[in-house]
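Read-outs throughout are calculated quantities, based only on the coordinates presented, and are distinct from any laboratory measurement. Here the structure is a predicted model, which means the values were calculated and not measured. Glycine also receives a Cβ, built like all others from the backbone with ideal geometry; neighbour counts cover every protein chain displayed.
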Amino acid sequence: MLATCSTDGSCLLWDTTSGVKIACLKHPSGSGLRICRFSQNSATLVTAGDDDVVVLWDVATKTLLRIFQGHEAMVTACSFTPDSTFLVSGSMNGDLRVWDARFGHSKCLVLVKEAHDLGVAGSDFSLCHGMQGSTDVDFPFGTFLLATCGFDNNVKLWAVATSCPKLSVSIKAVLKGHESNVMCVAISNKGHLVASGSGDKMVIIWSTGSYENLYKIDYHSRYVTCCSFSSDDSLLVTGSGGSGNECALAVWRLDHGDDFIDFHGIFVQEAKSANIGSVLENPLNKQLSNWATEDVCIWLKQEGLNDYINSFRGNKIDGNGLMHLTEDMLKKHLNVGKYFRAKY
């Protein structure tokens with residue numbers, strides 16, 4: 001299931017297999033929405049936006065569970081703890097608030113004022129830190145790692161302690177490096193990296209251990225509004241906003257070495273040629289790593305790259321092979337022209 005929200009006040013739920021719209025959810029106020037997010041157990045969904053409230057929904061019944069009130073400005077960020085027990089929200093007023101997402105208490109449990117003094121733009125929890133079996137002394141069981149970003153140009157890392165006797169939120173690090181508003185943040189599934197995108201058109205990769213700036217991606221020509229790691233952390237997707245042809249989506253392959261991190265662009269899609277309907281109806285609607293050689297050939301045909309089908313088929317390039325192609329391999333072994341290499 002996929003959830004999308006809009007400033008028209010609607011949150012739409014979609015069947016990701018068929019592309020069929022399942023439900024339309026709206027706040028009682030009808031105000032525009034800025035954020036929607038599922039809990040890790042997929043049982044609940046949170047929406048928030050222009051009416052300064054946070055709304056919790058039951059995914060199974062598509063019904064409103066409760067409304068959290070307390071923010072005094074537009075709510076722009078929401079994230080569930082990895083155990084789906086608590087919810088953290090952030091607003092344009094700069095504050096962070098922690099709520100009980102399980103037992104129905106509507107009272108704000110923790111308030112962090114001026115977490116980002118010019119407003120919170122995004123947030124994300126690590127799925128590893130603080131979970132059962134955690135060996136990190138700074139993040140024992142029940143203490144979760146939260147990353148936030150804001151209009152103060154900073155990324156911040158927090159320890160959210162949910163175990164008794166007292167719930168608390170404490171700052172762990174302030175990551176400085178962007179030269180404009182930081183508009184999105186994402187933690188890798190293994191919890192070792194943080195990606196952030198900014199109005200300075202840059203994507204920065206940070207270490208959650210050393211808090212170092214590990215890598216900068218200087219590709220986008222407009223402000224970067226979204227970023228996300230794949231489930232196995234082998235890929236990073238980044239998106240930039242703008243008008244018309246200035247919107248772009250890029251996918252990067254992450255290479256790990258003993259002491260280095262590198263990103264290689266493997267796919268770039270300009271918004272002008274993206275078609276949501278064709279994506280949902282695509283027979284290749286499965287993980288790229290699971291594509292067979294014939295799936296790759298179908299994709300080449302759909303992209304108008306028929307001239308390369310025989311070469312890819314003859315070299316038995318499947319989805320996994322496609323992910324690891326280098327420019328040298330494309331040129332020498334697959335006889336791929338400059339147009340393909342420049343575009344993909």
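Kindly identify the range 91-164 as rounded, prolate or oblate by the Cα gyration tensor criterion: order the square roots of the eigenvalues as a ≥ b ≥ c, call it rounded if a/c is under 1.5, otherwise compare a/b with b/c, prolate if a/b is larger, else oblate. All intermediate terms of the calculation are to be shown ahead of the outcome.
On the way: a/c = 2.55, a/b = 1.33, b/c = 1.92.
It is oblate, given that a/c is not under 1.5 and a/b is not larger than b/c.
What FRET efficiency comes out for the pair Asp307/Leu249, r = Cβ-Cβ distance, R0 = 30 Å, nearest 0.05?
Values: r = 24 Å, r/R0 = 0.82.
My answer for the efficiency is 0.75.
For the cross-link pairs Lys176/Lys216; Lys62/Lys107; Lys113/Lys216; Lys26/Lys62; Lys113/Lys172; Lys62/Lys113, which exceed 21 Å when the distance is taken from alpha carbon to alpha carbon?
Lys62/Lys107; Lys113/Lys216; Lys62/Lys113
Assign one of three labels to the range 114-250, namely rounded, prolate or oblate, based on the Cα gyration tensor with a ≥ b ≥ c the square roots of its eigenvalues; rounded applies when a/c is under 1.5, prolate when it is not and a/b is larger than b/c, and oblate otherwise.
On the way: a/c = 2.35, a/b = 1.68, b/c = 1.40.
Here the range 114-250 falls in the prolate category.
For the range 182-244, what does the alpha-carbon gyration tensor say about shape, rounded, prolate or oblate, given a ≥ b ≥ c as the root eigenvalues, a/c under 1.5 as rounded, and a/b over b/c as prolate?
Taking the square roots of the gyration eigenvalues as a ≥ b ≥ c, the range 182-244 is prolate.
Treat each spin label as a single point 7 Å out from the Cα along the C-beta direction, and report the Lys166 to Ser231 distance in nm.
4.1 nm
Compute the FRET efficiency between Thr326 and Ser289 as 1/(1 + (r/R0)^6), taking r as their Cβ-Cβ distance and R0 = 25 Å, and round to the nearest 0.05.
Numbers: r = 17 Å, r/R0 = 0.69.
E between Thr326 and Ser289, to the nearest 0.05, is 0.90.
7 Å from Cα along Cα→Cβ at both Ala43 and Asp8: what's the point-to-point distance in nm?
The modelled label-to-label distance comes out at 3.3 nm.
Amide H of Val203 versus every other amide H placed in the peptide plane: which residues, excluding those fewer than 5 positions away on the same chain, fall under 5 Å?
Amide H to amide H, under 5 Å and 5 or more residues apart or across chains, Val203 pairs with Ile217, Tyr219.
Just to check, using Stokes-Einstein with a Kirkwood Rh over alpha carbon pairs, what's the diffusion coefficient of the range 42-95 at 10 °C and 1.306 mPa s in µm²/s? List each step's numbers first, then the result.
Values: Rh = 11.4 Å.
My calculation gives 139 µm²/s for D.
Residues in the range 50-79 near a label at His105, defined as backbone nitrogen under 20 Å from the 7 Å Cα→Cβ point?
54-57, 65-71, 79
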